[in-house]
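The values are calculated or read from the model by the stated rules, or taken from the named source; none is laboratory data. Just so it is clear, the structure is predicted and the values come from calculations on it, not from any experiment. Backbone-built Cβ (ideal geometry, glycine too); neighbour counts: all protein chains shown.
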Amino acid sequence: MEKNPALLALTSSALLLPAYQGVRADAPPEFVELGMRYSKYKEDDTQGSKTFGGSSQRFDIDAAQFHLLAPVADNWAVAVDVQWEDMSGASPWFVGQSIDGDPKVIMSGASIEDTRTEVSVTTRYYYDRGNAGLNYVHSDEDDYESNAIALDGSFNSADGMTTYSAAISTSRDDIDPTQGAVPTNTLHDNKDISSAWVGVSQIISKNAIVRFGLAYTYRDGFLTDPYKLRDRRPDERKEWAVSGGYRQYFMWPDAALHADYRYFDDDWGVASHTVNLAWHQNLGRSTQVIPFLRYYSQGEADFFANIADTEKRYYADDYRLSSFGAITAGLRVRYEIGNWAISAVGERYETDESWGVFSGDESPALLNYWRYSFGLDYVFR
């Protein structure tokens, strides 16, 4: 089924390298930790004025997650994460032109239903001035199977003020599209993804940290969306990203500001800016409230057009390759009592072409969504 990058970022275990990673603890956990989480993701229906026909309902996803972290021997820890998702809804099939010349979406028709199971296993070794980890992830659904492996490590300077980090990952995805109401453009294919990342974090005062990171990703194989009617993409993609972050703690009101920026560019012509802001507010010793705001702006791919020109070598009318801006606003709350911790997250995501800094035509298939998550964690002290 169609993969939404925003959705994957919300619901998948993070094997592919991030713009930069947080500083990992340099000592293994002392106790076994268990966690469970339920998430609800729901896209708004497509407006009738923007569609020709088919179902207006878009994806609705329920996800359940389980997490186990356990110390092993003196300097080792093992983490196991299991996730199950149930998906249903319709997706944009292609964009056509109305009598008045406006682009309108033709949806996939009957609701798509799918389930996904993902298992991730990580082992980590801790030494005097850092740590190293090895991660394996297997993901399986009706039309898609992925196997991935990653290696990461960090090293602290002698004075403990600087941390250097690096990671590499590789994955193999096998694609077997289900032949339902919407015909697909392949019966079986695959793609490979390799990534590398380096980063550094620096303590600049007793209350402030800055971070910088560089990432490179190479994708090779079948990169076309099998469920799009008018979609033919290059069989390789090279991506670069540079990121920076700042953390500032304030003694009063016992809170911290998190600010992050990421610039992305690739050889398809897609470029993007991402800004994240979060305020981590402590309320006593047991409660933390985190309002957050994210801004994203993307430029369209060289071969994107609302009305795809199928005479060209490459073409796509996929809204995910269009030019648009997006704003996410949300709130996280965490409450600890004894060995237990309860958490909840709610967020709203909205898009509009006029919110972006890049020029381009607005896709009628742009989406908005809600996401909610509730978690329960326990530490065996």
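List of remarks:
- Those strands (runs of 3 or more DSSP E) of region 293-381 in which 1 or more residues are in contact with a Pro (Cβ under 8 Å, 6 or more places away or on another chain) and farther than 22 Å from Pro103 by Cα occupy 324-337.
- Identity of the residue in region 183-228, under 21 Å from Tyr314 (Cα atoms) and aliphatic (A, V, I, L, M), that ends up modelled with the lowest pLDDT: Leu187
- Pick from region 257-305, criterion under 20 Å from the mean Cα position of the chain (by Cα) and among the basic types (Lys, Arg), ranking: farthest from Tyr319 (Cα to Cα): Arg262
- Lys40 falls short on exactly one of the conditions (1) more than 30 Å from Ser154 (Cα to Cα); (2) surrounded by 20 or more Cβ atoms within 10 Å (Cβ to Cβ), and that condition is (2).
- The residues on offer are Met87, Met107, and the sole one that is in contact with a Phe, Trp or Tyr (Cβ under 7 Å, 6 or more places away or on another chain), buried (at least 16 other Cβ atoms within 10 Å of the Cβ) and either within 26 Å of Ser169 (Cβ to Cβ) or free of Cβ contacts under 8 Å to residues at least 12 places away in the same chain (or both) is Met87.
- Only a single item in (1) surrounded by 20 or more Cβ atoms within 10 Å (Cβ to Cβ); (2) modelled with pLDDT under 95; (3) over 23 Å from Ala63 (Cβ atoms) is not met by Ser323, and it is number (2).
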